[in-house]
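*Asks:* Right, I'll just put the structure down here and ask away after.
The values are calculated or read from the model by the stated rules, or taken from the named source; none is laboratory data. Worth saying up front: this structure is predicted, and the values here are computed from it rather than measured. Here the Cβ positions follow ideal geometry from the backbone for every residue, glycine too, while neighbour counts run over all protein chains shown.
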Amino acid sequence: MLLRGADKTVRQFHVSKRSVVAAPAVAVLAVSGCIGGLQLKSAFKISHLEDQLSQQTSQFAQTVSAKDEAILNLQKEITLLSQQTKNMETKLNDLQALENKLQQFIEKYGAVTGSSHSSRNSDSSVSRGKVQSLSASIGGKTSSVIPLANSSQPSAELKRMAALADSSTLDLQAVSDMLDEMEQTMAYSLKQYRLRQAELDAIPSGWPTSSHQMTSGFGYRKDPFTGKATFHAGIDIAGNTGDPVFSAANGIVEESGFSSSEGNHIVIDHGNGLRSVYMHLKQIEAREGDTIVRGEKIGLLGSTGRSSGPHLHFQVMQRDEAVNPLNYLSLVKED
C-alpha cells in the first residue's frame, strides 16, 4: 500500500510472493555477473601485460648480453693496447739509449778515424739513419706516451703509435750489439791508427827551416875549403843567421853540443834506426834527453864549426848510414 498526501487518494499495489523472492535473486545474479565480467576482463588484461613484460624482459636480456659482450671486447682491446703501449715505451727507451750510445760512439771515433775508416763510419751512419727514421715515424715524443691504464678510452693516436711499435722491423737490440762490435773494432783500429801515426810522426819528413833553398845536395861534391871531391852526407839549406830551426819529426834528443867541424849541433833519435842531424847552429835550444815533436823549434841557424856561411847542414842517418834526406822530406821545394 502506498500512502499519498492528505488530499490524494490512497493507492494499493499487490506483489505476489514469487516476485518478492525472485527480485532479490535477480539482483544478486546481476551483481554477480558484473563482478564475474570484471574479473574476466582483469584476468585478460593481466595476461596481456604479462606477455608484454615477458617480451620486454627477453629484449632487455638480449640487450644486456650484447652490452656485456661489447664491454668484454672493449676490455680485451684495452688490455691489448695497454700491452702494445708498454712494448712501445720499451722500444722508445731502447731507442733513446741506442741514440745516446751512437752519439757517444760518433763523438769518440768520428773525428779521429779519417778517410781510412769511412766504411765503418758509413755503417754507423746507416744505423743512426735507421734509428732517426724510427724516431721520426713514432714522432720523437717519448714524454707524450700516456699509459692506457690511466685512460678511460683508447685514443686513435695511442692506437696508431702502438701499431707503429708492433709493425717496426728494426731490432734495436741487434743494432746495439752491432754497435758494441763496431766499437771494439774501432778501438782496435784506432789503436793501430795511432801506432801508425806515431810511426809516421817519427819519420823525418818535416822541412827543418822556413827557407827551402838548398845550396848543396846529397852526394859527392867539390869541397869549398880544399877544392877536392868529397862525399857530402846531407843537404845544405841557405838562410839568415838567427832563423829558427825545427825538428823534422818526433823523437828524443840523443846528443847536443859543439865540435870543431860540426859546430853547434843536435842529433835526434826517431826510433826504428832513424836519426836526424842539425849542424852549424848559432844556438842550441834542445838538450840531451828532451822529447821533441815534429815542427818544434830546437835552435837557431848559424855558421859555427867548419862552415863557409850561414846555413843548416841537415842529415838523416839510417842505422848509422847517411841517406839522402830528400827521400824523407815532404813538400820539397827549391826557391
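*Asks:* Suppose we keep only residues that are without any contact (Cβ under 8 Å) to a residue 24 or more places away in the chain and in a loop (DSSP other than H, G, I, E, B) within segment 181-240. Which one would you say is surrounded by the most Cβ atoms within 10 Å (Cβ to Cβ)?
*Replies:* Looking at residues that are without any contact (Cβ under 8 Å) to a residue 24 or more places away in the chain and in a loop (DSSP other than H, G, I, E, B), I get ASP223.
*Asks:* Output the residue which, of all residues in segment 1-41 that are among the aliphatic types (A, V, I, L, M) and outside any helix (DSSP H, G or I), is modelled with the highest pLDDT. I'd like the intermediate steps shown before the answer.
*Replies:* Kept after step one, since they are among the aliphatic types (A, V, I, L, M), are these residues of segment 1-41: 1-3, 6, 10, 15, 20-23, 25-31, 35, 38, 40.
Add one more test, that the residue is outside any helix (DSSP H, G or I), and what stays is 1-3, 6, 10, 15.
Working: MET1: 54, LEU2: 56, LEU3: 59, ALA6: 68, VAL10: 67, VAL15: 71.
For segment 1-41, the residue satisfying everything is VAL15.
*Asks:* At positive phi and without any contact (Cβ under 8 Å) to a residue 12 or more places away in the chain: does that describe GLY271?
*Replies:* Answer is no for this residue.
*Asks:* Residues THR63, THR90, THR85: which one is farther than 30 Å from ASP177 by Cβ and hydroxyl-bearing (Ser, Thr, Tyr)?
*Replies:* Working: THR90 fails: farther than 30 Å from ASP177 by Cβ; THR85 fails: farther than 30 Å from ASP177 by Cβ.
Result of the check over THR63, THR90, THR85: THR63.
*Asks:* Note down all Cβ pairs under 6 Å where the first residue falls in segment 305-322 and is within 17 Å of ASN240 (Cα to Cα), the second is of a type in the set (D, E, K, R) and surrounded by 15 or more Cβ atoms within 10 Å (Cβ to Cβ), and they're at least six residues apart or on different chains.
*Replies:* What qualifies is GLY305/GLU262; HIS311/ASP236; HIS313/ASP236.
*Asks:* Give, as residue ranges, the strands (runs of 3 or more DSSP E) completely inside segment 249-311 that count at least 2 residues that are closer than 19 Å to ASN327 by Cα.
*Replies:* Values: elements: 251-259, 263-271, 274-284, 297-301.
Filter on segment 249-311 gives 263-271, 274-284.
*Asks:* Which condition breaks for ILE106 when tested against (1) touching a Leu at 6+ places or on another chain (Cβ under 9 Å); (2) free of Cβ contacts under 8 Å to residues at least 24 places away in the same chain?
*Replies:* (1)
*Asks:* Right, next: Would you mind stating whether ASN73 is part of a helix (DSSP H, G or I), at pLDDT below 85 and farther than 30 Å from ALA198 by Cα? Give the derivation first.
*Replies:* On the way: part of a helix (DSSP H, G or I): yes; at pLDDT below 85: no; farther than 30 Å from ALA198 by Cα: yes.
For ASN73, the condition - part of a helix (DSSP H, G or I), at pLDDT below 85 and farther than 30 Å from ALA198 by Cα - is not met.
*Asks:* Residues in segment 197-205: is at least one within 18 Å of ASN324 (Cβ to Cβ) and not polar (S, T, N, Q)?
*Replies:* Checked segment 197-205: at least one residue is within 18 Å of ASN324 (Cβ to Cβ) and not polar (S, T, N, Q).
*Asks:* Given the criteria surrounded by fewer than 19 Cβ atoms within 10 Å (Cβ to Cβ) and among the hydrophobic types (A, V, I, L, M, F, W, C), does VAL277 qualify?
*Replies:* Numbers: surrounded by fewer than 19 Cβ atoms within 10 Å (Cβ to Cβ): no; among the hydrophobic types (A, V, I, L, M, F, W, C): yes.
Answer is no for this residue.
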